[in-house]
Amino acid sequence: MPTFKAVIAALALSVLAAQARAESLAPLRVGDQRGAVQVLLKAAGELDHVPYRIDWALFPVGAPLVEALNADAIDFGYVGDATTTFALAAGAKLKTINVWDFGQGGAAVIVPDKAPIRTVADLRGHRVGLVRGSPGHLLVVAALKQAGVPLSDVTLVFLSAADAKAALGSGAIDAWAIWDPYVAAAQIQDHMRILVGSQGTVREVECGVASDSAIATKRAQLTDFIARVRRAYQWAQAHRQEQAEAYARDTGTPLDVATLTFSRQQVTVLPAVTDDAITVHQAVADLYFEAGVIPRRVEVAATYDRSFTLPR
C-alpha cells in the first residue's frame with residue numbers, strides 16, 4: 001500500500017504533468033457572437049479543466065467575426081452559412097470544420113405590430129433593414145422568391161443590428177430581418193410582430209469556421225473545443241431555463257428575452273460534416289448568386305474540412 005507521502009507525490013506529479021500539457025498547447029482564439037457560446041460552455045461546466053487557454057473575442061454579429069478570422073486575429077468561430085458564403089465570395093480564406101443543424105430557423109422578418117404589412121407580398125415598395133450577407137439577408141431573399149416578389153420590388157437598407165433597431169423604431173425602415181435574441185427583444189420590448197421566419201422558408205446550417213493556420217497548428221484544441229460545444233448543447237436541450245438564466249446573468253440580456261430565445265432554439269451539433277449539411281449550404285450559396293447578392297458562384301464543398309470527427 002502506498003504511503004501518504006507517496007500519494008501526495010503522485011498527485012503533485014499529476015498536477016505538474018497537467019500543467020505541462022496545458023502550457024504545451026497554444027491558446028485558442030475564439031470569436032463569439034454576443035458571448036453566446038462562452039456563456040453556454042460555462043453554464044454546462046465545459047469550461048472546467050480545459051487543457052489550453054481560450055482567448056475570447058466578442059462580436060455583435062457574424063460578419064466582423066469572419067473578417068477577424070480572415071485577418072488571422074482569431075482562430076475559430078461559429079457563423080451562419082449565409083455569412084460564410086458572403087465571405088467566401090469576397091475571397092476570404094476559411095474552412096468549415098464543424099456544423100450545427102437548426103431544427104428551427106433562427107432568423108425572422110419583424111414589423112411593428114400595427115403595421116399594415118401582413119404578408120411577404122406586402123413588402124413591395126417598402127424598406128427592409130438588414131445586415132448585408134447575414135442570415136437575415138438570406139431570409140429576405142428566400143421569402144421574396146417563395147412569395148413570387150422580385151427582389152427589385154423591395155428596398156434593402158444595409159445597417160448594423162443596432163442601427164436597424166433604431167431605424168425600425170423611428171420609421172426610417174418598415175421591416176427588419178434579424179435573428180434571436182434581437183427578435184425576442186423586439187417582440188417583448190418593442191411590440192414587434194414576426195412577419196415570416198426561417199422555418200418553412202429556408203434551411204440553414206451554422207458553420208464552425210477556422211483558418212488554415214489554426215487547422216495546421218491547433219488541431220487538438222479545435223477538436224477538443226467543438227466536442228465541448230457539442231456536449232454543452234446536449235446539456236442545453238434538457239436545461240433551457242438554466243441556459244436562459246446564465247445567458248441573462250452573463251450578458252445583461254433581460255431574462256424574459258433570454259427565456260423566449262432559448263425556448264424556441266433547436267440546435268444539434270453534428271459529430272462530423274455531412275453531405276446533407278453541405279447540400280443545405282450549397283443551396284444557400286446558389287440562392288445568393290441567383291439573387292445577385294454575391295458576384296460569383298461558390299462551390300462550398302471545397303471549403304469544408306471533413307477530417308474533424310467527434311465521438312457519437
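Can you tell me which residue among V209, V267, V229 is touching a residue at least 24 places away in the same chain (Cβ under 8 Å), touching a Phe, Trp or Tyr at 6+ places or on another chain (Cβ under 6 Å), under 28 Å from R53 (Cβ atoms) and buried (at least 16 other Cβ atoms within 10 Å of the Cβ)?
When all the criteria are applied, what remains is V267.
Might you let me know whether segment 75-89 holds any residue that is hydrophobic (A, V, I, L, M, F, W, C), at negative phi, in a strand (DSSP E or B) and not assigned by TED's automatic domain parsing to the domain that holds G136?
yes
Mind checking which residues of segment 39-74 are touching a Gly at 6+ places or on another chain (Cβ under 7 Å), aliphatic (A, V, I, L, M) and in a strand (DSSP E or B)?
A57, L58
Which condition number in (1) farther than 22 Å from F262 by Cα; (2) at pLDDT 90 or above is the one that A12 fails?
Looking at each condition in turn, A12 falls short on (2).
For segment 178-194, which residues satisfy the criterion of being more than 14 Å from G136 (Cβ to Cβ) and among the charged types (D, E, K, R)?
The answer is D190, R193.
Just to verify a result, which residue in segment 88-104, among those that are of a type in the set (A, V, I, L, M) and closer than 12 Å to C207 by Cα, is surrounded by the most Cβ atoms within 10 Å (Cβ to Cβ)?
That would be V99.
The values are calculated or read from the model by the stated rules, or taken from the named source; none is laboratory data. Nothing here was measured: the structure is a model prediction, and the numbers come from that model. Cβ: placed from backbone, ideal geometry, glycine included. Neighbour counts: every protein chain shown.
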